[in-house]
Amino acid sequence: MTARRWITALGAALVMSLALNLFFGGVIVGHRVGQGGGLLDGQMNPKLRMERVLSALPENDAKLVRGLFEAQRDDIARRFRALQESRKAIGAALRGQPFDPAAFAAAYEAMQARSQEVQAAIQGVIKTAIPQLSAEGRAAIAERRWRQ
């Protein structure tokens, strides 16, 4: 092989190696974020997501929403912990030997119910907050979340 071919082959190998590293890095990061570990430390870090939304609101509106969420923090946290536990039960059912489809189905249905409970608590705060926001705050929420 000539020197020119070696350089071409080496360059191609380096590009391929970089592409594979980026791909697997993305897979690992995506998995960690999706499992609530590492980068965002939690299920897509709800507090971080909320702060991004609140940063778009006028100061008084952001303060109001923070206060409403703070008042429900313990309840939402309790529901979220129950959701996490239900996800662990699914993992246990999947690893069960022999596999028990009924146990898996029950664990999955419990997880769905816990997920709905978390959503209901969060959405309850949102439904309470929105009517209390200023016109500017509602416009900011509409622009950020419900633009069409």
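Against the definition (farther than 25 Å from L48 by Cβ, part of a helix (DSSP H, G or I) and assigned by TED's automatic domain parsing to the domain that holds R49), how does A102 come out, yes or no?
Details: farther than 25 Å from L48 by Cβ: yes; part of a helix (DSSP H, G or I): yes; assigned by TED's automatic domain parsing to the domain that holds R49: yes.
The answer is yes for A102.
Answer yes or no as to whether G137 is assigned to a helix (DSSP H, G or I) and surrounded by fewer than 12 Cβ atoms within 10 Å (Cβ to Cβ).
Here the answer is no, as G137 does not meet what is asked.
Which residue pairs have Cβ atoms closer than 9 Å, lie 6 or more positions apart in sequence or on different chains, and pair a first residue in region 5-22 that is at pLDDT 70 or above with a second residue that is outside any helix (DSSP H, G or I) and not basic (K, R)?
Note: pairs meeting the criteria are A9/M1.
Read through the list (1) of a type in the set (S, T, Y); (2) under 19 Å from A121 (Cα atoms); (3) at pLDDT below 90, then give the number of the only condition that S55 fails.
(2)
Confirm whether F80 is within 30 Å of A129 (Cα to Cα) and either exposed (fewer than 12 other Cβ atoms within 10 Å of the Cβ) or aromatic (F, W, Y) (or both). If you could, list the steps in order and put the result at the bottom.
Numbers: within 30 Å of A129 (Cα to Cα): yes; either exposed (fewer than 12 other Cβ atoms within 10 Å of the Cβ) or aromatic (F, W, Y) (or both): yes.
So F80 passes the test.
Condition (residue is in contact with a Gly (Cβ under 9 Å, 6 or more places away or on another chain) and closer than 23 Å to A62 by Cβ) applied to region 130-138: is it met by at least one residue?
Just the residues of region 130-138 that are in contact with a Gly (Cβ under 9 Å, 6 or more places away or on another chain), to begin with: 130.
Subset that is closer than 23 Å to A62 by Cβ: 130.
Looking through region 130-138, at least one residue is in contact with a Gly (Cβ under 9 Å, 6 or more places away or on another chain) and closer than 23 Å to A62 by Cβ.
Report yes if some residue within region 98-116 is within 25 Å of I141 (Cα to Cα) and surrounded by fewer than 17 Cβ atoms within 10 Å (Cβ to Cβ); otherwise report no. Spell out the reasoning first.
Taking region 98-116 first, the residues within 25 Å of I141 (Cα to Cα) are 115-116.
After this cut, where a residue has to be surrounded by fewer than 17 Cβ atoms within 10 Å (Cβ to Cβ) as well, the list is 115-116.
Checked against the condition, which is being within 25 Å of I141 (Cα to Cα) and surrounded by fewer than 17 Cβ atoms within 10 Å (Cβ to Cβ), region 98-116 yields at least one hit.
The values are calculated or read from the model by the stated rules, or taken from the named source; none is laboratory data. Computed from a predicted structure; not experimentally measured. When we count neighbours, we look across all protein chains shown, and the Cβ atoms used for this are built from the backbone with ideal geometry, even at glycine.
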